[in-house]
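Asker: The structure follows.
The values are calculated or read from the model by the stated rules, or taken from the named source; none is laboratory data. The structure presented is a predicted model; accordingly, all values stated were derived computationally and were not measured. No Cβ is skipped: glycine too gets one built from the backbone with ideal geometry, and neighbour counts run over all protein chains shown. Note: areas computed on protein heavy atoms with side chains; ligands, DNA, RNA excluded. Shrake-Rupley method; radii C 1.70, N 1.55, O 1.52, S 1.80 Å.
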Amino acid sequence: MATSYPFPFAPDFRGAAPRIGSLLVKPVSAACNLDCAYCFYLDRDTDPYQSVAVHRMSDYTLARLVDSYLFYSYPNTTFAFQGGEPTLAGVKFFERLVELEQRYGRNGQSVSNVMQTNGLVLDDRWCALFKEFQWLVGISVDGPEAVHDLYRVSRQGAGSWRKVIAAVELLRKHGVEFNVLCVVSQANVHKAGEVYRFFRSLGIEYVQYIPLSEFDRDGNPLPFTITAGQYGRFLTELFDLWWPDRRKIRIRFFDNIAEALAGQEPSTCTLRETCDSYAVVEYNGDVYPCDFFVESSWKLGNIEVDSWPEIARRRKRFEFASKKSIAHPDCQVCSYQQICHAGCPKHRHDRRGDFADLDYFCPAYKQIFAKAIGPLSREVEKLTGRPASFVLPTTPPRGASASQ
């Protein structure tokens, strides 16, 4: 069960802190071989490392990372690699990673490796590594060629779709387990059916849809940002398409709702009670509480000088985790609050820099909850033999409609 923290104070630091369950490692920081129009990580004003010319994790930092985290996380350890584009660290870097895991791992320890990549540089050697050590690979694909290439382009403006699809076929050829991450932007938010059928045609069995919301300094949405209404309609249309295929295809957000209804902790932090499930490790060993808040003000420590128990107990970590518990007036009277727990702090903070704001996608959540909770509750009861932990309100909260 997730732990709740009273705002704005943290618990007694002399006691045990909630464990850092997994790491999101950025071995090359924001460096990337694409120049996606909607990228939130590249060329940020708040980037602590923008004055550093080269971002690449050293062998010393990698060894320290593996040794210390394997010891801390025993018996179950998960390293997830992201960027930027993590493959720019080179395949030798990740072969070295596996060597270190084998050296420092202990009997009975389970070690999982996950990589999110644009797929551009994958080849047989990469795939052999993934296959041999049972990596899970996430490939970023936004849909059919015209949709994907609208925003996911090189620095020369060239589309990336053909190379990405070649990478998908290569992963399939080698029997590598992979799934798809799809950013929902103005390129595809009105094309839920087209995108869903495209992924079905590729034989994709698991998709994570990420709603895009980025704003300028005045809080105005950037051109590729979707509205909450658009996202709500996208999700409800997607749900109708997916429901007949629900035993064949998995969509992460729908999985998360089902997990919550079953009384389990959702795998996505958006629907958890607090934001303390993972930590971000930058190329130089600096640690942060969230991928969206790699900023100097939120730095928790550095793995070369701090132990993981020390990092886990840092006041900033508790302060960040408590941001989800800031009660917006609308949340206090919303029946769905026990499902979404006020949503994502990023989507609360983005427009005005205020964690007390309502999640930008709140109306979308209400729309899909009104649509999905009923059938998913019945499915949970059928599969588990137990009633769902949430009862759909007779009258949907304001802003929700089961018919939309």
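Asker: So, taking all protein chains as they sit and a 1.4 Å probe, how much accessible area belongs to residue 362, in Å² rounded to tens?
Answerer: In the full protein context, residue 362 sits at about 20 Å².
Asker: Roughly how many debye, to the nearest 20, is the charge dipole of segment 87-209 about its Cα centre, given +1 on each Lys and Arg Cβ, -1 on each Asp and Glu Cβ, and no other charges?
Answerer: That gives a dipole near 100 debye.
Asker: Got a sec? Charge dipole of the chain, +1 on Cβ for Lys and Arg, -1 for Asp and Glu; which of 262, 287, 129 is way out at the positive end?
Answerer: 262
Asker: Could you state the per residue volume, in Å³, of the convex hull enclosing the Cα atoms of segment 252-404?
Answerer: 129
Asker: Find the centroid of the Cα atoms in segment 308-387 and in segment 207-283, then give the distance between the two in whole Å.
Answerer: Cα centres, segment 308-387 to segment 207-283: 11 Å.
Asker: Next up: Which value, in debye to the nearest 20, gives the size of the charge dipole of segment 28-78 about its Cα centre, when Lys and Arg are +1 and Asp and Glu are -1 at the Cβ?
Answerer: 160
Asker: Can you give the longest stretch of the chain with no exposed loop site, where a site means trypsin sites (Lys or Arg not before Pro) in a DSSP loop (not H, G, I, E or B) with at most 14 other C-beta atoms within 10 Å?
Answerer: Result for the longest clean stretch: 249-351.
Asker: Using a 1.4 Å probe on the protein heavy atoms only, what accessible surface does residue 296 show? Give it in Å² to the nearest 10.
Answerer: The value for residue 296 is about 90 Å².
Asker: Go through 191/248; 323/366; 173/371 and tell me which ones have a Cα-Cα distance over 31 Å in this structure.
Answerer: Exceeds cut-off: 173/371.
Asker: Another question about this same structure. In whole Å, what are the Cα extents of segment 141-237 along the three principal axes, biggest one first?
Answerer: For segment 141-237, the Cα spread along each principal axis is 47, 36, 20 Å.
Asker: Sequence gap at least 6, Cα distance under 8 Å: using those rules, report the relative contact order of segment 239-381 to the nearest whole percent.
Answerer: Across segment 239-381, relative contact order equals 23 percent.
Asker: Relative to the compact globular guide of 2.2 N^0.38 Å, what is the alpha carbon radius of gyration of segment 167-324, as a ratio?
Answerer: Its radius of gyration relative to the 2.2 N^0.38 Å reference: 1.24.
Asker: Along each of the three principal axes of the Cα atoms of the chain, give the extent in whole Å, ordering the values from largest to smallest.
Answerer: Extents along the principal axes: 58, 53, 49 Å.
Asker: Per residue, how large is the accessible surface of the chain? Use a 1.4 angstrom probe and give square angstrom.
Answerer: Each residue of the chain exposes 45 Å² on average to a 1.4 Å probe.
Asker: In µm²/s, what is D for segment 14-93 at 4 °C and 1.567 mPa s, where D = kT/(6 pi eta Rh) by Stokes-Einstein and Rh is the Kirkwood radius from Cα pairs?
Answerer: 90
Asker: At 7 Å along the Cα-to-beta-carbon direction for both residue 319 and residue 338, put a label point, then send me their distance in nm to one decimal.
Answerer: In this crude label model, residue 319 to residue 338 measures out at 3.3 nm.
Asker: For the chain, what does the helix formula give at 222 nm: sum of -39500 (n - 2.57) over DSSP H segments with n ≥ 4, over the residue count, nearest 500 deg cm²/dmol?
Answerer: After summing the helix terms and dividing by residue count, I get -10000 deg cm²/dmol.
Asker: With no solvent and one point on each alpha carbon, what is the Debye value of log10 I(q)/I(0) for segment 69-115 at q = 0.14 Å⁻¹?
Answerer: One equal scatterer on each Cα of segment 69-115 leads to -0.36.
Asker: Between residue 58 and residue 247, what is the spin-label point distance in nm, taking each point 7 Å from the Cα along the Cα→C-beta axis?
Answerer: Here the modelled spin labels are 5.6 nm apart.
Asker: Pop out the carbon and sulfur fraction of the accessible area of the chain as a percent, whole number, probe 1.4 Å.
Answerer: C and S fraction of accessible area: 50 percent.
Asker: Which residue, 55, 375, 104, has the largest displacement toward the positive end of the dipole of the chain when charges sit on each Cβ (Lys, Arg +1; Asp, Glu -1)?
Answerer: Projecting each Cα onto the dipole axis, the largest value belongs to 375.
Asker: Same structure again: Would you mind working out the magnitude of the charge dipole of the chain relative to its Cα centre, with +1 at each Lys and Arg C-beta and -1 at each Asp and Glu C-beta, to the nearest 20 Debye?
Answerer: Here the size comes out at about 740 debye.
Asker: Then there's this: Choose one of 251, 274, 170: the residue whose Cα lies farthest towards the positive end of the charge dipole of the chain (beta-carbon charges +1 Lys, Arg; -1 Asp, Glu; about the Cα centre).
Answerer: The residue sitting farthest along the positive end of the dipole is 251.
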